[in-house]
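Visitor: Quick one: structure below, then a few questions.
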Amino acid sequence: MPAKLKLGRFLPFINFAAVCERAVIIIGRAIEGSAGTKAVAFATILAVVAGLALSGAATISHDLWASVIRKGHPKHGEELKVARIATIGLAAV
């Protein structure tokens, strides 16, 4: 009988801080190179996490809010406000 699978094992990117923390541990063990190599790898991981936050916020604000909820007619500045709130919400998750 298979063991119960936790959602966190399949979606580790939900918590951005946990991703960065795990990345530092993995990079420290996997890369035997210099500190510069580890710094470049860590910066790459931070860029990926920032890209995930940006694309998630853009999807929520433009695709969901402006297109679906407001039916293509959002108020002036409303989409930017939703994007900011979505970024905070995604980071909290």
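Nothing in this text is a laboratory measurement; each read-out follows from the coordinates by a stated rule. Values in this document were obtained by computation on a predicted structure and should not be read as measured data. Methodologically, a virtual Cβ is constructed for each residue, glycine included, from the backbone with ideal geometry; neighbour enumeration extends over all protein chains shown.
Visitor: Residue 65: net charge of surrounding residues, Cβ under 10 Å, Lys/Arg +1, Asp/Glu -1, itself excluded?
Guide: -1
Visitor: Sticking with this structure for a sec: Would you calculate the separation in nanometres between label points at residue 21 and residue 75, each defined as 7 Å from the Cα along the Cα-to-beta-carbon direction?
Guide: Those two pseudo-labels are separated by 3.9 nm.
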